[in-house]
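The structure appears below as structure tokens.
The values are calculated or read from the model by the stated rules, or taken from the named source; none is laboratory data. The model shown is predicted, which means the values in this text are computed figures rather than measured ones. Positions of Cβ are backbone-derived with ideal geometry, glycine not excepted, and every protein chain shown enters the neighbour counts.
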Amino acid sequence: MSEALESINGLIVPLLNDPLLLPNVAVAELVGYRLSQAANQGPEWFLGWTQWRDQPVPMVDLDALRAFGGEPAEGAQPRTLILNALGDSGIHFIGLRVWGIPRSRKLLRDELQTLDGPASYQLQRVTVSDEPQPLLIPDLLAVERALEQAGLLRRAS
């Protein structure tokens, strides 16, 4: 089997609870946390809008969306992880509030072990041989659908 199928270049992204595991290609950029328009309505997990490259990007708190509370670690600074949107909802990017700087990691297939299958906004939870805690592989398409179903997306005109 080719090396491309045996390994993936990923990012381990700190959240309040389980960190995320994302492929590098899902991420457009990591920027400072700033809302250009805070949410004045909508679900608790919708934080508002940020401006990124001259376009509005909806901001999501994945911990709140998954109904997991928590407090940031002492000294943790929020950041915005701009993700490439996957669906046909009319947006190109989604912003996630994260709590630190993601770490790059090349993962080999035999290093991953599945803990849980699909759950709310989760494709899988996995362990990696030398990581101290489980990693969450998020269902980014479900996050995008949640934004759309809540009526929060601004369609391109």
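A few notes on this one:
- Only one of the numbered conditions (1) more than 20 Å from L107 (Cβ to Cβ); (2) assigned to a strand (DSSP E or B) is violated by I8, and that is (1).
- Sole residue being surrounded by fewer than 17 Cβ atoms within 10 Å (Cβ to Cβ), within 27 Å of V57 (Cβ to Cβ) and modelled with pLDDT of 90 or more, chosen from L147, L96, L135, L141: L141
- Residue in region 76-124 that is farthest from V25 (Cα to Cα), counting only those that are among the hydroxyl-bearing types (S, T, Y) and not in a strand (DSSP E or B): S120
- Of all residues making up region 17-48, the number that are touching a residue at least 24 places away in the same chain (Cβ under 8 Å) and of a type in the set (D, E): 2
- Among all residues of region 85-99, there is at least one that is in contact with a Leu (Cβ under 7 Å, 6 or more places away or on another chain) and more than 20 Å from E148 (Cβ to Cβ).
- Filtering region 18-55 to residues that are within 13 Å of R97 (Cβ to Cβ), surrounded by fewer than 14 Cβ atoms within 10 Å (Cβ to Cβ) and either in contact with a helix residue (DSSP H, G or I) (Cβ under 6 Å, 6 or more places away or on another chain) or among the β-branched types (V, I, T) (or both) leaves only E44.
- Of everything listed in (1) over 19 Å from N24 (Cα atoms); (2) surrounded by 12 or more Cβ atoms within 10 Å (Cβ to Cβ), the single unmet condition for D130 is (2).
- Within region 34-66, if we keep just the residues that are within 16 Å of Q149 (Cβ to Cβ) and assigned to a loop (DSSP other than H, G, I, E, B), the residue that is farthest from the chain's Cα centre (by Cα) turns out to be Q41.
- Residue ID - farthest from L15 (Cα to Cα), chosen from residues in region 67-107 that are of a type in the set (D, E, K, R) and touching an Asp or Glu at 6+ places or on another chain (Cβ under 9 Å): R105
- Applying a threshold of 6 Å to beta carbon distances and a minimum spacing of six or more residues, or different chains, the list of pairs starting in region 108-131 at a residue that is under 18 Å from P23 (Cβ atoms) and in contact (Cβ under 8 Å) with a residue 24 or more places away in the chain and ending at one that is loosely packed, with under 12 Cβ neighbours inside 10 Å and of a type outside the set (D, E, K, R) reads V126/T114.
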